[in-house]
Amino acid sequence: MSLVLPVVLLFSAALTALLGWTVYRGDPTLISGYDPDRVDDEAGLTRFVGRGTLAIAGLTAAFGLLTVFTTPDLLTVGVYTGLVVLIALWLVVGTRRFET
C-alpha cells in the first residue's frame, strides 16, 4: 500500500487548517474578494470564513486518515468531494450577509 495519497491529503489538511486558523483569528486579507469598504462586521466575517475553512481541513484530514487504512472507492471520493463543494458554496453564499 502506498502512503502517497494519505501524506498529500494530510499535508493539504494541515496547510488548509493553518490558513483557516489565520483567517479565524482575524486576518481578512486571505479572503478572496475582501473589500474593507463593503464589510460591516469584519470579525464576524473572519470567524465565519475561518470556521468553514477549518471544516474543510477537518474533512480532508479525516479522508486522509481513512486512506491510510483503506483504498477509497468512488462513493467515498464522491461524498468527500460533494461535502467540500457544499461547504464552499455555503461560504460563498454566507459571506454576503457581512456586506453592506
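The values are calculated or read from the model by the stated rules, or taken from the named source; none is laboratory data. Since this is a predicted model, take the numbers as computed values, not measurements. As a convention, Cβ positions derive from the backbone with ideal geometry for all residues, glycine included, and neighbour counts pool all protein chains shown.
Residues in the range 1-40 that are surrounded by 12 or more Cβ atoms within 10 Å (Cβ to Cβ), in a loop (DSSP other than H, G, I, E, B) and hydrophobic (A, V, I, L, M, F, W, C): 1 in all. Looking only at the range 6-42, residues that are modelled with pLDDT under 95 and under 25 Å from LEU65 (Cα atoms) come to 0 in all. Looking only at residues in the range 49-66 that are out of contact with any Ser or Thr (no Cβ under 7 Å at 6 or more places or on another chain), touching a residue at least 40 places away in the same chain (Cβ under 8 Å) and not aliphatic (A, V, I, L, M), the one that is surrounded by the fewest Cβ atoms within 10 Å (Cβ to Cβ) is GLY58. Within the range 40-47, the presence of at least one residue that is more than 26 Å from SER2 (Cβ to Cβ) and either of a type in the set (Gly, Ala, Ser) or free of Cβ contacts under 8 Å to residues at least 12 places away in the same chain (or both) is confirmed.
Please find, within the range 16-39, the residue that is nearest to LEU54 (Cα to Cα) out of those that are without any contact (Cβ under 8 Å) to a residue 24 or more places away in the chain and among the aliphatic types (A, V, I, L, M). Of everything passing the filter in the range 16-39, LEU18 is nearest to LEU54 (Cα to Cα). Quick one: in the range 91-100, of everything that is in contact (Cβ under 8 Å) with a residue 12 or more places away in the chain and part of a helix (DSSP H, G or I), which residue is farthest from GLY52 (Cα to Cα)? Filtering first and then ranking leaves PHE98.
Listed by first and then second residue, the pairs linking a residue in the range 67-90 that is touching a residue at least 24 places away in the same chain (Cβ under 8 Å) and under 19 Å from LEU54 (Cα atoms) to a residue that is surrounded by 13 or more Cβ atoms within 10 Å (Cβ to Cβ) and hydroxyl-bearing (Ser, Thr, Tyr), with Cβ atoms under 9 Å apart and 6 or more places separating them unless they lie on different chains, are VAL84/THR60; ILE87/THR53.
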